[in-house]
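Taking it in order: structure first as structure tokens, then the write-up.
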Amino acid sequence: MVDWLRYALMAGGVLVAISAYFGWRSNTAPGRICLLLSVATEALVLAQTVVVAVKLATGRHVAEPATIIGYLSTLVILLPAAWWWSRLEQSKWGAVVVVVAGLVVAVLTARLQQLWVAPA
């Protein structure tokens, strides 16, 4: 994993959660700023996924490769799924879905780092 990308992913997830939280507090669906932050964070997720896939394909040994692949798969689909759900639920509860997704992105990224550096 690339360190600066990992930190950017965790920050992006937290920023998505914070911006969606403001939508929830104002009893509205997540706004344009939240959407832009989510798109940027998803781009970082895809970049990190490509980096990890290349490193795994070129012989990097990790302790739990199936868990890493599962976490990466979850990260790739999480934000788009949360936005799809929030568009179906055009209330403050749609914003809560995006808040949770942003926090999960940050936590899963931290957990991926723990698995990445664990001895194989």
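Against the definition (farther than 28 Å from VAL117 by Cα, part of a helix (DSSP H, G or I) and either hydroxyl-bearing (Ser, Thr, Tyr) or modelled with pLDDT of 95 or more (or both)), how does TRP24 come out, yes or no?
Working: farther than 28 Å from VAL117 by Cα: yes; part of a helix (DSSP H, G or I): yes; either hydroxyl-bearing (Ser, Thr, Tyr) or modelled with pLDDT of 95 or more (or both): no.
So TRP24 fails the test.
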Note on region 94-112: residues closer than 22 Å to HIS61 by Cα and crowded, with 16+ Cβ neighbours inside 10 Å are LEU108, THR109, LEU112
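Just one of VAL51, VAL104 is within 11 Å of the chain's Cα centre (by Cα), within 22 Å of LEU5 (Cα to Cα) and part of a helix (DSSP H, G or I); which is it? Write out each step before concluding.
On the way: VAL51 fails: within 11 Å of the chain's Cα centre (by Cα).
From the options VAL51, VAL104, the qualifying one is VAL104.
How many residues are without any contact (Cβ under 8 Å) to a residue 24 or more places away in the chain and surrounded by 13 or more Cβ atoms within 10 Å (Cβ to Cβ) if we restrict to region 61-76? Before the answer, list the steps.
Initially, region 61-76 is screened for residues without any contact (Cβ under 8 Å) to a residue 24 or more places away in the chain, giving 65-66, 69-70, 73.
Adding the requirement that they be surrounded by 13 or more Cβ atoms within 10 Å (Cβ to Cβ) leaves 65, 69.
Residues flagged as without any contact (Cβ under 8 Å) to a residue 24 or more places away in the chain and surrounded by 13 or more Cβ atoms within 10 Å (Cβ to Cβ) within region 61-76 amount to 2.
The values are calculated or read from the model by the stated rules, or taken from the named source; none is laboratory data. Only a predicted model underlies this, so the values are computations on that prediction, with no experimental measurement involved. Glycine gets a Cβ as well: all are built from the backbone with ideal geometry, and neighbour counts include every protein chain shown.
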